[in-house]
Amino acid sequence: SYNEASLHFGISSYYDGYSNGQFTGTIEDIRIWNIARSQSQINTHKYSTLTGSETGLIGYWPLNEGSGTVLHDKNSIYAN
């Protein structure tokens, strides 16, 4: 279902008073699934590049554009 709630990657919408809420580290890509994935599935494919048409994948941002400030969803269902 659709709603207008904010979704944040790499930053928390919650401020704890000790940090600015930013993630310290690197994010290789972002994948959103509408099915539960087993630990084995996650471990097997966590370093794989996806095609964007995998069953249950509803959002995929490989974060490899190289420049700019816009990310494009590579999921074939919703890709623009």
**Item:** Which numbered condition ILE77 misses (of (1) touching a Gly at 6+ places or on another chain (Cβ under 9 Å); (2) modelled with pLDDT of 90 or more; (3) of a type in the set (Val, Ile, Thr))
**Value:** (2)
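So, in segment 21-54, exactly how many residues are of a type in the set (Val, Ile, Thr) and in a helix (DSSP H, G or I)? Lay out the reasoning, then the answer.
Taking segment 21-54 as the starting set, the residues that turn out to be of a type in the set (Val, Ile, Thr) are 24, 26-27, 30, 32, 35, 42, 44, 49, 51.
In the following step, the residues that additionally are in a helix (DSSP H, G or I) were identified as 42, 44.
Looking only at that region, the number is 2.
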**Request:** Just give me the residues in segment 55-75 being assigned to a loop (DSSP other than H, G, I, E, B) and open to solvent by 50 Å² or more (accessible area, probe 1.4 Å), in sequence order.
**Result:** THR55, LEU63, ASN64, GLU65, GLY66, SER67, GLY68, THR69, VAL70, LEU71, HIS72, LYS74
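The values are calculated or read from the model by the stated rules, or taken from the named source; none is laboratory data. This one's a predicted model, so the numbers in the text were calculated from it and none came from an experiment. Glycine also receives a Cβ, built like all others from the backbone with ideal geometry; neighbour counts cover every protein chain displayed. Note: areas computed on protein heavy atoms with side chains; ligands, DNA, RNA excluded. Shrake-Rupley method; radii C 1.70, N 1.55, O 1.52, S 1.80 Å.
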